[in-house]
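Below is one structure, written out as structure tokens; the observations come after it.
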Amino acid sequence: MSESAKWKGGRGAGGPGLRVGHGYDLHRMEPAAPAGAGRALRLGGVCFPGDSGPVGHSDADVLLHAITDALLGAIGLPDIGQMFPDTDPRWRDADSALFVREAMARVREAGWEVLNLDATVVAQHPKIGPRKAELRAALARILGVDDARINVKGKTHEGVDAVGEGRAIEAHAVVLLAHA
Ligand SMILES: [Zn+2]
């Protein structure tokens, strides 16, 4: 069996049948149209109304993009930018839940299941805390796993740099997979 077949098969070389994946994403924030190119802000598919929003080819959901990269990374696949290029008109205005669902399909095809996902959104606005439960439920639905396996945190950037000044928004995600 080749190294790559062992990797895809899971426990190859006597490994414990666990894989960790990390994802990170950042989007520039601009005033909402027509003043700027900002889209309606969506995090984990949940809408957060405001005067500014992220710029992007798809719906620019920074949290779902970080999660997609964590899932793809855990099973050794190319990143979101290679699998869903922003030069492809198919992904213009796309609901980013589609990217997560596609990544989850690959995860399941390769024989893995999500043990847990932990994610952090870094933004000066909006506040994530009051809507955590809603975000967890939305992510659980998109991934097709129980809410108990999902955690989401919000942090500010203490007013410094582009994120702290509201000119960008970031998300980090870590996922742990077990061989099903
Ligand atoms: Zn993105």
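The values are calculated or read from the model by the stated rules, or taken from the named source; none is laboratory data. Quantities reported herein were computed from a predicted structural model and do not represent experimental measurements. When we count neighbours, we look across all protein chains shown, and the Cβ atoms used for this are built from the backbone with ideal geometry, even at glycine.
Of all residues in the stretch 140-179, those satisfying the criterion of being closer than 24 Å to R28 by Cα, within 14 Å of the chain's Cα centre (by Cα) and in contact (Cβ under 8 Å) with a residue 40 or more places away in the chain are V152, I169, E170, A171, H172, A173, V174.
When you scan the stretch 125-138, how many residues do you find that are within 21 Å of V163 (Cα to Cα), surrounded by fewer than 17 Cβ atoms within 10 Å (Cβ to Cβ) and either within 17 Å of the chain's Cα centre (by Cα) or without any contact (Cβ under 8 Å) to a residue 40 or more places away in the chain (or both)? Walk me through it before giving the result.
Step one: of the stretch 125-138, the residues within 21 Å of V163 (Cα to Cα) are 125-132, 135.
Narrowing further to those that are surrounded by fewer than 17 Cβ atoms within 10 Å (Cβ to Cβ): 125-127, 129-130, 132.
The next check asks that each one be either within 17 Å of the chain's Cα centre (by Cα) or without any contact (Cβ under 8 Å) to a residue 40 or more places away in the chain (or both); those that pass are 127, 129-130, 132.
Qualifying residue count, the stretch 125-138: 4.
When you look at H27, is it within 10 Å of the ligand (Cβ to nearest atom), in contact with a strand residue (DSSP E or B) (Cβ under 6 Å, 6 or more places away or on another chain) and either in a helix (DSSP H, G or I) or modelled with pLDDT of 95 or more (or both), yes or no? Considered against the rule, which asks whether it is within 10 Å of the ligand (Cβ to nearest atom), in contact with a strand residue (DSSP E or B) (Cβ under 6 Å, 6 or more places away or on another chain) and either in a helix (DSSP H, G or I) or modelled with pLDDT of 95 or more (or both), H27 comes out as yes. Taken over the stretch 16-74, the criterion of being within 17 Å of V145 (Cβ to Cβ) and not hydrophobic (A, V, I, L, M, F, W, C) is satisfied by R19, G21, G23, G44, G45, T68.
Scanning the stretch 28-69 for residues that are within 18 Å of M83 (Cβ to Cβ) and not polar (S, T, N, Q) yields G56, H57, D59, A60, D61, V62, L63, L64, H65, A66, I67, D69. In the stretch 49-99, the residue that is nearest to the ligand (Cβ to nearest atom) out of those that are more than 14 Å from the chain's Cα centre (by Cα) and buried (at least 24 other Cβ atoms within 10 Å of the Cβ) is P54. Filtering the stretch 95-121 to residues that are within 12 Å of A178 (Cα to Cα) and part of a helix (DSSP H, G or I) leaves V107, R108.
So that you can scan it fast, the table gives a plain yes or no per residue for (1) of a type in the set (V, I, T); (2) in a loop (DSSP other than H, G, I, E, B); (3) modelled with pLDDT under 95:
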| site | (1), (2), (3) |
| --- | --- |
| P34 | no, yes, yes |
| D59 | no, yes, no |
| T68 | yes, no, no |
| L71 | no, no, no |
| L77 | no, yes, no |
| G81 | no, no, yes |
| D86 | no, yes, yes |
| D93 | no, yes, yes |
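Restricting the search to the stretch 122-176, which residues are touching a helix residue (DSSP H, G or I) at 6+ places or on another chain (Cβ under 8 Å) and in a loop (DSSP other than H, G, I, E, B)? A123, Q124, I128, G144, D146, T156, H157, E158, listed by residue number.
Selection of the stretch 98-139 for residues being touching an Asp or Glu at 6+ places or on another chain (Cβ under 6 Å) and within 20 Å of D25 (Cα to Cα) yields V122, R136.
Whether any residue in the stretch 104-124 is under 17 Å from F84 (Cβ atoms), in contact with a Phe, Trp or Tyr (Cβ under 6 Å, 6 or more places away or on another chain) and crowded, with 17+ Cβ neighbours inside 10 Å is what I want to check. Among the residues of the stretch 104-124, not one is under 17 Å from F84 (Cβ atoms), in contact with a Phe, Trp or Tyr (Cβ under 6 Å, 6 or more places away or on another chain) and crowded, with 17+ Cβ neighbours inside 10 Å, which makes the answer no.
Considered as a group, the residues in the stretch 58-76 that are without any contact (Cβ under 8 Å) to a residue 60 or more places away in the chain and touching a helix residue (DSSP H, G or I) at 6+ places or on another chain (Cβ under 6 Å) include one that is farthest from G44 (Cα to Cα), and that residue is L72. Tallying residues that are more than 28 Å from V114 (Cβ to Cβ) and surrounded by fewer than 16 Cβ atoms within 10 Å (Cβ to Cβ) within the stretch 157-180 yields 8.
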